[in-house]
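The structure appears right after this line, and notes come after that.
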Amino acid sequence: MYHWLDQRAAQDPVKLIHSHGLWMMVNVYPGWVAGKYRLPLVVSPRGTLSNWAMARGSWTKSLFWPLLQRPALAATTCFHATAESECEDVRKMGFRQPVAIIPNGVDIPQGKPNRSRDSRTLLFLGRIHPIKGLDLLLPAWAAVQSRFPEWRLRIVGPNDGGYLPRMRQLADKLKLQRIEFAGALLGDAKWRAYLDAELFVLPTYSENFGMTVAEALASGIPAVVTKGAPWRGLKEHGAGWWIDTNLSSLVASLDDALSRPRNELTAMGVQGRNWMEKDFSWKRTGMMMRQTYRWILQGGEPPMWLRPD
């Protein structure tokens, strides 16, 4: 890949390189090539500079960072962050280059909800991984399940790194009721899981964005999200709960949310979907990224979403 990228930069009219993610050699090569040919480089860390991410991982990370990854990032012209919190992560690592804060775009599903009259679904959708906070969600469900017999907890997502068996064991230990580990769902089946649910929950420890939150809101369901994800606007837009990352806060918020009548949650879901259509459409995201590229290449007045230093 390095030789291919080097040849493209040397022979073709490459104007700019945009690299996504860190911690692999494919994320080092763009810095080498951009530095060699003095090309503008945009880097989207995608959550890899958060405190949680930096504190975890193999011992090789402690060598990879000073020897390869950080020197390659010195060639960065502009970082791309999906939220203010990720911009702060960039600054905490000592980088002073401009940061463009541009959210991810989200698809707006066109299907209609198919919610059962007899059963109501609380949905978790994401990787079954320690970062996602299932070790908080399962005890929280244990605390509230007896008070809300009409609700069930559905956990959708792939087993990541062997974490699923541990969560199944925890569910058995807690004697959880009305819980389903549904595995990974893709395409239409994934969107149907959102549309069949009435409430979404993501008790994550760290996210640079939290794509599943945007997808849930776009599907018209309110969300309970911990402050490990940058979703402060949930309260402002009346679309859910943004809570501290601990068990007591999660239990309290679930108590509140699960006790809401169906029409009230539906109204919150409509507000969330309107928010996604307004601020997280692909058209808006594409416009912001295009103007950022134009500013990097042509100069002029910086976009309003750019943090200069």
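Some notes on this structure:
- Residue selection: Lys278 fails the criterion of being touching an Asp or Glu at 6+ places or on another chain (Cβ under 8 Å), free of Cβ contacts under 8 Å to residues at least 40 places away in the same chain and either under 27 Å from Ile101 (Cβ atoms) or loosely packed, with under 14 Cβ neighbours inside 10 Å (or both).
- Test for Arg70: is it out of contact with any strand residue (DSSP E or B) (no Cβ under 9 Å at 6 or more places or on another chain), part of a helix (DSSP H, G or I), at pLDDT 90 or above and surrounded by 15 or more Cβ atoms within 10 Å (Cβ to Cβ): yes
- Scan of segment 239-263 for residues that are over 15 Å from Phe200 (Cβ atoms) and at pLDDT 95 or above, ordered by number: Asp244, Thr245, Asn246, Leu247, Ser248, Ser249, Val251, Ala252, Asp255, Ser259
- Unique match (being modelled with pLDDT of 95 or more and under 30 Å from Val270 (Cα atoms)) among Trp151, Trp191: Trp151
- Note on segment 134-231: enclosed helices (runs of 4 or more DSSP H) holding 1 or more residues that are in contact (Cβ under 8 Å) with a residue 60 or more places away in the chain and not polar (S, T, N, Q) are 134-144, 187-196, 211-218.
- Members of segment 49-67 that are under 19 Å from Gln97 (Cα atoms), of a type outside the set (Gly, Ala, Ser) and buried (at least 18 other Cβ atoms within 10 Å of the Cβ): Leu49
- Criterion: over 27 Å from Pro103 (Cβ atoms), assigned by TED's automatic domain parsing to the domain that holds Pro303 and either acidic (Asp, Glu) or touching a residue at least 24 places away in the same chain (Cβ under 8 Å) (or both) - qualifying residue of Val42, Val33: Val33
- Flag for Trp23 being under 18 Å from Gln97 (Cβ atoms) and modelled with pLDDT under 95: no
- Note on segment 1-56: residues that are outside any helix (DSSP H, G or I) and either among the aliphatic types (A, V, I, L, M) or under 17 Å from Ala83 (Cβ atoms) (or both) total 20.
- Matching entry among Thr76, Thr121 (being within 25 Å of the chain's Cα centre (by Cα), assigned to a loop (DSSP other than H, G, I, E, B), of a type in the set (Ser, Thr, Tyr) and farther than 16 Å from Gly210 by Cα): Thr76
- Within segment 138-167, if we keep just the residues that are buried (at least 17 other Cβ atoms within 10 Å of the Cβ) and of a type in the set (Lys, Arg), the residue that is nearest to Pro261 (Cα to Cα) turns out to be Arg152.
- Qualifying position, being of a type in the set (Phe, Trp, Tyr) and over 29 Å from Gly228 (Cα atoms), among Trp23, Trp52, Trp59, Trp4: Trp4
- Lone qualifier among Leu254, Leu247, Leu258, Leu265 - being touching an Asp or Glu at 6+ places or on another chain (Cβ under 6 Å) and either closer than 30 Å to Ala140 by Cα or in the same structural domain as Ile101 (by TED's automatic domain parsing) (or both): Leu265
- Meeting the requirement of 2 or more residues that are touching a helix residue (DSSP H, G or I) at 6+ places or on another chain (Cβ under 7 Å) and over 13 Å from Pro222 (Cα atoms), the helices (runs of 4 or more DSSP H) wholly within segment 240-309 are 247-258.
- Hey, Gly238 surrounded by fewer than 19 Cβ atoms within 10 Å (Cβ to Cβ), more than 22 Å from Leu153 (Cα to Cα) and not assigned by TED's automatic domain parsing to the domain that holds Cys87 or not: yes
The values are calculated or read from the model by the stated rules, or taken from the named source; none is laboratory data. Please read these numbers as outputs of a predicted model, since none were measured by experiment. No Cβ is skipped: glycine too gets one built from the backbone with ideal geometry, and neighbour counts run over all protein chains shown.
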